[in-house]
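I have a structure here, written as structure tokens, and I will follow up with some questions on it.
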Amino acid sequence: MEALRRNAVVESAVAGVKELVHEFLILFANILFAVSLFAVWGVLTLIGVVVDQGKGDDFYWQNYSPLLARVVLRLHMDNIYHSPAYIGIIGLILISMTVATFRRVIPARLPALRPVKIDKIPLNAVVTVEGEESDVRARVQKFFADRGWQIRKREFGGEEWSFVDKHNWARRGVLVAHVGFVIIAAGTTIYWASGYMGTFAVLSGTTGTIPQTGATVALKQFGYQIQPVATKSGTVYQPIDYVSHAVVTGKDGVPRDAVIRVNLPYDADGVKIYQATYGFAITFVLTKNGRVTTGPPDTPLKEGESFEIPGTTRAIQYRSFVGTIDPATGQAGPDPRPNNPGVVLEAFDSDTELGSVLVPLGKPFNLGAGYALTPKKYTLYSGFQYRYDPGISLVLIGAIVLVLGLCISFYFTPARLYVVVTGAARSWNIGIAATTVKGYDIFEDRFREIVEALRRKPQAS
């Protein structure tokens, strides 16, 4: 009795596992479930495009609203491509594609060569011909061969069937697309495992470093071009080019001249360095009672950077550079090129914003309590973005394979004809039925043409 009870428990457990596996396979083979996974993946990828990636916490607090910055940092949207959610959704997509491939795609796209009930298939017909059996079969085979159909014969229970295919290779289009996505996933996984990216800014005449490799970028000169464009609402000044002339020193320690511009990155030890942005760093002089103070701001400040006034709870932020101050109004002009330049300063008392002011370059601004702040000069700086992606080649290959698979699937219609010859003496019936991977309607006219041609052709002996 005890043995029987144990066997019953084991059988029940095995049945439960089988049922669980069955439900798992049904779920992951479901098309709507796969589409939902792709939708989630698309949303996460879009977040990675919209939200600046790889920045420090201060960047998000300074450039995003407090609520949005908190959401970005707490949900790790600042490094979303390396997040467990992003890698996990790719893993689920791969599992879903694998299950769907073996449970749905392969059985539907690559059906086994088996006889069918001709009259049960919507596209079916019977053609009656006269002649010797061998001659009729030879004429039927020649009919399809002359029209470029692939013919395979099988015998089932003493009855010969012909399986006639057109574009049979195109049945694998979906499989090719699946392989393409797997290759893309492999490339992104390699980037997740060993790739990296980041940003840094270099003032003219100074040097920046890529921390992961130790490569240095010494900015010799930065230049930009701005083109005035006349519009209905007035003249708009549009940047058309900006370029950094630099000296890049890689792992080998050899300095090399480099020209880095938008859409023309420089390769340093496999790391792509891109021209991302530019700006104006300002050298400020803070005085108290006419004497220069020590400490911040002791280095040029970039847009968005700030410093605290010693001995107070107040802070000054350099918000933006103004190229042209209109002498008539004292307000910022539309031309961003330095011509009577100034800076916009923002004042804070702890977390309270006190207001902003436009200060001309070289003019002191009274901060109160004996303090005065003078924006002395500007220095152009270049903002670089660097990226090391060892999986980029795989992603490119995968994208090509994916597009190729989709083109095969969309633009070719694999069709299969099931042909069987039955009868006796000199009277024979050619039974023919057609199936495609895209349904019956799309092949209905073509099937009718085949049947009509078949009625005419095999009659001749």
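Quick note: the coordinates plus some simple rules give every number you see, no bench work behind them. Every value quoted in this text rests on a predicted model; they were computed, and no experiment measured them. Neighbour counts run over all protein chains shown; Cβ positions are idealised from the backbone, glycine included.
Return one quarter of the surface area of the convex hull spanned by the alpha-carbon atoms of region 2-108, equal to its mean projected area, in nm². Don't skip to the end; give the middle numbers.
On the way: hull surface 43.6 nm².
Spelled out: convex hull of the Cα atoms, projected over all directions, averaged, 10.9 nm².
Something else about it: Please determine, in degrees from 0 to 90 and to the nearest 10, the orientation of helix 31-50 with respect to the longest principal axis defined by the Cα atoms of the chain, where the helix direction is its Cα long axis.
Taking Cα atoms only, the helix is inclined about 20 degrees.
Quickly estimate the mean residue ellipticity at 222 nm for the chain, helices only: each DSSP H run with n ≥ 4 gives -39500 (n - 2.57), and the total goes over all residues, rounded to 500.
Working: 10 runs with 153 residues, N = 461.
Result for the chain, helices only: -11000 deg cm²/dmol.
If you don't mind, there's one more thing I want to ask. Suppose the chain between ALA186 and TRP41 were pulled fully straight at 0.36 nm per residue; how much longer would it get relative to their current alpha carbon spacing?
On the way: separation 145, 0.36 × 145 = 52.20 nm, distance 1.54 nm.
Separation in residues times 0.36 nm, less the Cα-Cα distance, equals 50.7 nm.
Let me understand region 105-146 better: what is its radius of gyration from the alpha carbons, and its Dmax, in angstrom?
14.2, 41
Taking the chain as the reference, fit the longest principal axis to its C-alpha atoms, fit the long axis of helix 2-28 to the helix C-alpha atoms, and give the angle between the two in degrees, 0 to 90, nearest 10.
So the inclination is approximately 70 degrees.
At most 12 other Cβ atoms within 10 Å and a DSSP loop assignment: could you name the chymotrypsin sites (Phe, Trp or Tyr not before Pro) in region 76-110 that fit? Let's see the in-between values first.
Details: sites: TYR81, TYR86, PHE102; in loops: none.
Here no chymotrypsin sites (Phe, Trp or Tyr not before Pro) fit, given the DSSP loop and packing criteria.
How about region 242-288: which trypsin sites (Lys or Arg not before Pro) there lie in a loop by DSSP and see at most 13 other Cβ atoms within 10 Å? Mind dumping the intermediate values first?
Details: sites: LYS251, ARG256, ARG261, LYS272, LYS288; in loops: LYS251.
Passing both the DSSP loop test and the Cβ count: LYS251.
With the radius of gyration and the Kirkwood radius both derived from the Cα set of region 351-394, what is their ratio Rg to Rh?
Radius of gyration over Kirkwood radius for region 351-394 works out to 1.36.
Here is a further query. Per-residue HN-Hα couplings for region 304-320, Karplus 6.51 cos²θ - 1.76 cosθ + 1.60 at θ = phi - 60°, whole Hz, x for Gly and Pro?
x, 7, 9, 8, 9, 7, x, x, 9, 9, 9, 9, 10, 10, 7, 8, 7
Using packing as a proxy for protection, rank 182-188, 61-67 so that the peptide with the highest average count of other Cβ atoms within 10 Å comes first.
182-188, 61-67
Across region 282-377, what fraction of all alpha-carbon pairs, as a whole percent, falls in each successive 5 Å bin from zero upward?
In order of increasing distance, the bins hold 3, 14, 24, 26, 18, 10, 4, 1 percent.
When the expected Rg is taken as 2.2 N^0.38 Å, what fraction or multiple of it is the alpha-carbon Rg of region 141-268?
It is 2.17.
Let me ask something additional. Out of every Cα-Cα pair in the chain, what percent are more than 42 Å apart?
Details: 51975 of 106030 pairs.
Pairs farther apart than 42 Å: 49 percent.
Could you run the Karplus curve 6.51 cos²θ - 1.76 cosθ + 1.60 with θ = phi - 60° over region 205-220 and give me ³J(HN,Hα) per residue in whole Hz, x for Gly and Pro?
Result, rounded to whole Hz: x, 10, 10, x, 10, 8, x, 5, 10, x, 5, 10, 10, 9, 8, 7.
Name the long-range amide H neighbours of GLN53: under 5 Å, sequence gap of 5 or more, or other chain; modelled H, no Pro or chain starts.
Long-range HN contacts for GLN53: none found.
How far, in nm, would the chain grow between ARG154 and ALA15 when pulled straight, counting 0.36 nm per residue and subtracting the alpha carbon separation? Present the calculation step by step, with values, prior to reporting the outcome.
Numbers: separation 139, 0.36 × 139 = 50.04 nm, distance 3.83 nm.
This chain segment gains 46.2 nm when fully extended.
Turning to a different aspect of this structure: Would you mind checking the pairs LYS288/LYS363; LYS142/LYS166; LYS251/LYS302; LYS288/LYS376; LYS55/LYS302 and listing those with alpha carbons more than 21 angstrom apart?
Values: LYS288/LYS363 15 Å; LYS142/LYS166 15 Å; LYS251/LYS302 29 Å; LYS288/LYS376 16 Å; LYS55/LYS302 15 Å.
Checking Cα-Cα distances, LYS251/LYS302 exceed 21 Å.
Once the Cβ-Cβ distance between SER233 and VAL357 is put in as r, and R0 is 22 Å, what FRET efficiency do you end up with, to the nearest 0.05?
Values: r = 27 Å, r/R0 = 1.23.
Efficiency for this residue pair is about 0.20.
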